[in-house]
Amino acid sequence: MKQQESHRSDFFFTPLDGKIEKAFRAIMALAVILPFLILIVLLVDTFVDGYPRLGWNFLTSFPSRFASSAGILSPLVGSIILMGLTALFAVPLGIGAAVYLEEYAPKNAITTFIELNIANLAGVPSIIYGLLGLGLFVRFMQMGRSLLAGAATLSLMALPMIIMAAREAIRTVPNDLREAAYALGADRWVTIRKVVLPLSLPGILTGIILSLARAIGETAPIITIGALTYVAFLPDSVTSSFTALPVQIFNWISRPQTDFHVNAAAGIIVLLVIMLAMNSIAIFLRFKLQRKIQ
Amino acid sequence: MTKKLLLTALIGLGALFAVACGSKPTATITIDGSSTVFPITEAVAEEFQKANKGIRVTVGISGTGGGFKKFCNKETDISDASRPIRKAEQEKCAASGVEYIELPVAYDGLAVMVNPQNDWASSMTVAELKKLWAPEAQGKITKWSQIRAGWPDKDIHLYGAGADSGTYDYFTEAIVGKEHSSRGDFTASEDDNVLVQGISSDKYALGFFGLAYFEENKDKLKLVAIDDEKADNGRGPILPSLETVINGTYQPLSRPLFIYVRKDALEKKPEVRAFVDFYLKHATTLSRQVGYIPLPAAAYTLGEKRVANMVTGTVFSGSKVGVSVEELLRKK
């Protein structure tokens, strides 16, 4: 099939195609450069605005009505705990679901239905998860506007992405290896634990970290379930009320005083650094583990 | 290597969880509601927590309406509001047995603003504004020249607060005469900075929003003086300012801001009582610091009396625009 295709394109190759090829190349290059430039402009603009405000004080002070002494301690800690709890809920569930769907589930209509729905859920706007969280966790399960409710909501949001990434990773494990394990007398569980999971770990980890990085930047569901805007204490239990970085940034941006806009820019830098750090961990782990497997 | 890594991660999370679970409940005051009132309540909460270590105050923003929903649901102790409680909200609170004490805490001036290059509209009457913003104006009043003869024959571009905000409710009530009713063909945003941007880059723009946003963008905007054509509160067009809002001559676009306190929270939670007393005592300085206009001192004293005597219910809901806060508070 592949051969045939390449053959055909050879057949249709005329001098005119050279020009089209060049034009096409230019358009594609533009498609890369343009968003990249916009991104650079945005980043530089934010850094120029926010850099003067960054400092140890900014990280270790509570929010305040005075822009110059306001910091992001409570939102930063809120975001970090939120992410930890989200990982605690979403990772075991996500990997479990993926292992079940790939290794155990019979190929029938119900499985297909479930798979289809997981794929659909990954595309649902985050505010919908916020509304679900508000109705289910905050009101019905009486968790209140707590870290627990926030993390549960974000877990729901992150789950479809984690499941899909984990399934993708598990699927890349060659079937020969499974059969080899069975031949050696391993049962299904041992095969999964000793062969399938270790081999698919780099892919799974990347998926987890990327979806968590997305979750930490989400504002809509967190505001919907009722994260608070002014919190000047650190949460001391999972039922504690909380605030998160995106909420604080959102609030500062809408203030009339330009000093608060500077704070918002500095907050954005901190959030960006966290996300970049998480993404680099993902890349590092993937690289490290993949080398080990080879 | 991998196992160790995962194990460390798990232990870390477990420790986090353990630390998170082992603590006693502390006195907490929960507040939610209007984004307009938020800066004042935030300032009070900040100072109150400095003076009373160990008491926690949380302040959320879900809009005046959203705040009342939670308040009547007994989810909050205090509700921030940029307009008086509505009839429907009163009924909802009554249905769930929530009684409340209504306390005005500061003034906010709503300012009508144009581009600095606009050299014709330095003042407008309420009638002119009504003609421009009434629902009937939609698609019909589209040029400056239609508002006053002699103004340019150019399209007018309108900007205003979003329909979910108390600011929009108040503006429509004061200008159009009916709450929540206006033309729909204007650029609406909940973020007033977007409106500032829009007006400052458009010579033929006109918009309304809180005076605090003008104070921060004086070089980009121009205020329009408002003439309510009533002689008893100052003649002729009047510009909004600290003085004209306090002395009641900037009418009808200055409005009181409120907090509503749940009666049972006041009675059962000493920290709520302490917070409300602190609020009324320091509102004068703190509201000014965050860009709002304090009430006359007598209004805060009357508020304190209301709290001491547990006077519940609303006197502001349904009251006429422009009646002084003190006058209303003296009513039983």
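The values are calculated or read from the model by the stated rules, or taken from the named source; none is laboratory data. Quantities reported herein were computed from a predicted structural model and do not represent experimental measurements. Here the Cβ positions follow ideal geometry from the backbone for every residue, glycine too, while neighbour counts run over all protein chains shown. All accessible areas refer to the heavy atoms of the entire protein, side chains included, with ligands and DNA or RNA removed. Shrake-Rupley method; radii C 1.70, N 1.55, O 1.52, S 1.80 Å.
Just to confirm my numbers, what's the Cα centroid distance between segment A:159-227 and segment A:63-98 in Å?
22
Across peptide B:52-60, what mean number of C-beta atoms from other chains lies inside 10 Å of a residue's C-beta? Don't skip to the end; give the middle numbers.
Numbers: counts 0, 0, 1, 1, 6, 5, 14, 7, 11.
Partner Cβ neighbours, averaged per residue: 5.
With axes computed from alpha carbons, what is the tilt in degrees of helix B:38-51 against the longest principal axis of chain B, rounded to the nearest 10 within 0 to 90?
40
What does DSSP give for chain B in terms of the percent of beta bridges that are antiparallel, rounded to the nearest 5? Mind dumping the intermediate values first?
On the way: 23 of 40 bridges.
Approximately 60 percent, going by the DSSP bridge assignments.
Give the average, rounded to an integer, of partner chain Cβ atoms located within 10 angstrom of each Cβ in A:57-70.
Details: counts 0, 0, 0, 0, 0, 2, 4, 3, 12, 4, 0, 0, 1, 1.
Mean partner-chain Cβ count within 10 Å for A:57-70: 2.
Leaving out ligands, DNA and RNA, and with a 1.4 Å probe, what % of the accessible surface on chain B is carbon or sulfur?
Details: 7690 of 14250 Å².
Answer for chain B: carbon and sulfur cover 54 percent of the accessible area.
Roughly how tilted is helix B:2-21, in degrees to the nearest 10 and between 0 and 90, from the longest Cα axis of chain B?
Here the helix axis deviates by roughly 80 degrees.
Helix B:297-309 against the longest principal axis of chain B: what's the angle in degrees, Cα atoms only, rounded to the nearest 10?
Between helix and principal axis, roughly 40 degrees.
Please figure out what share of the DSSP beta bridges in the protein assembly as shown is antiparallel and state it in percent, rounded to the nearest 5.
On the way: 25 of 42 bridges.
Of the beta bridges lying entirely in the protein assembly as shown, close to 60 percent run antiparallel.
In this model, which of B:LYS131/B:LYS178; A:LYS107/A:LYS292; B:LYS53/B:LYS268 are farther than 23 Å apart at the alpha-carbon?
On the way: B:LYS131/B:LYS178 13 Å; A:LYS107/A:LYS292 33 Å; B:LYS53/B:LYS268 20 Å.
Too far apart for the 23 Å limit: A:LYS107/A:LYS292.
For segment A:56-293, what is the accessible area per residue in Å², given a 1.4 Å probe and the full set of protein chains? Mind showing how you got there, number by number?
Working: 10340 Å² over 238 residues.
Per residue, segment A:56-293 has 43 Å² of solvent-accessible surface.
How many Cβ atoms of partner chains, on average, are near each residue of A:251-262 if near means within 10 Å of its Cβ? Please report the intermediate quantities before stating the final value.
On the way: counts 5, 0, 2, 9, 11, 15, 7, 3, 1, 2, 2, 0.
The shielding value for this peptide is 5.
For the pairs B:LYS130/B:LYS281; B:LYS130/B:LYS203; A:LYS22/A:LYS288, flag any whose C-alpha to C-alpha distance is greater than 29 Å.
On the way: B:LYS130/B:LYS281 38 Å; B:LYS130/B:LYS203 21 Å; A:LYS22/A:LYS288 39 Å.
From B:LYS130/B:LYS281; B:LYS130/B:LYS203; A:LYS22/A:LYS288, over 29 Å: B:LYS130/B:LYS281; A:LYS22/A:LYS288.
If one takes the accessible area of chain B alone plus chain A alone and subtracts that of the pair, with a 1.4 Å probe, what total in Å², rounded to the nearest 100, results? Please list the in-between numbers first.
On the way: alone 15840 and 17430 Å², together 30060 Å².
So the buried area, both faces added, is about 3200 Å².
DSSP H helices in chain A with Cα extent of 20 Å or more along the helix axis and mean Kyte-Doolittle hydropathy at least -0.5? Don't skip to the answer; put the middle values down first.
Details: long enough: A:15-50 (53 Å, 1.46); A:73-99 (39 Å, 1.99); A:147-171 (34 Å, 1.39); A:197-216 (28 Å, 1.68); A:258-293 (53 Å, 1.22).
Membrane-span-like by this rule: A:15-50, A:73-99, A:147-171, A:197-216, A:258-293.
Given a 1.4 angstrom probe, I'd like the percentage of the accessible area of segment A:56-293 that is carbon and sulfur, rounded to a whole number.
On the way: 7290 of 10340 Å².
Result for segment A:56-293: 71 percent of the exposed heavy-atom area is carbon or sulfur.
Please give the calculated 222 nm ellipticity per residue for chain B, where each DSSP H segment of at least 4 residues contributes -39500 (n - 2.57) and the sum is spread over every residue; nearest 500 deg cm²/dmol? Write down the numbers at each step before the final one.
Numbers: 13 runs with 135 residues, N = 332.
Rounded to the nearest 500, it is -12000 deg cm²/dmol.
Short version: which residues of segment A:228-245 lose at least 40 Å² of accessible area, all chains versus chain alone, 1.4 Å probe?
Listed by number, the residues meeting the 40 Å² cut-off are A:LEU228, A:THR229, A:TYR230, A:PHE233, A:ASP236, A:VAL238.
Please report how far the C-alpha centroid of segment B:59-75 lies from that of segment A:233-284, rounded to the nearest whole angstrom.
The two parts, judged by their Cα centres, are 24 Å apart.
Sorted by accessible area with a 1.4 angstrom probe, largest first, how do B:ASP192, A:ASP49, B:ASP164 fall?
On the way: B:ASP192 25, A:ASP49 75, B:ASP164 130 Å².
Sorted by accessible area, descending: B:ASP164, A:ASP49, B:ASP192.
How much accessible surface does A:TRP189 have with a 1.4 Å probe, in Å² rounded to 10?
Approximately 140 Å² for this residue.
Quick one: order A:ASP176, A:ASP187, B:ASP77 from most to least accessible surface, probe 1.4 Å. Before the final figure, lay out the partial values.
Values: A:ASP176 110, A:ASP187 85, B:ASP77 10 Å².
I get A:ASP176, A:ASP187, B:ASP77, largest accessible area first.
Just the accessible area per residue of chain B, please: how many Å² with a 1.4 Å probe? Write down the numbers at each step before the final one.
On the way: 14250 Å² over 332 residues.
The answer is 43 Å² per residue.
Taking Cα pairs under 8 Å and at least six residues apart, what relative contact order does chain B come out at, in percent?
Details: 600 pairs, mean separation 80.2, N = 332.
RCO, chain B: 24 percent.
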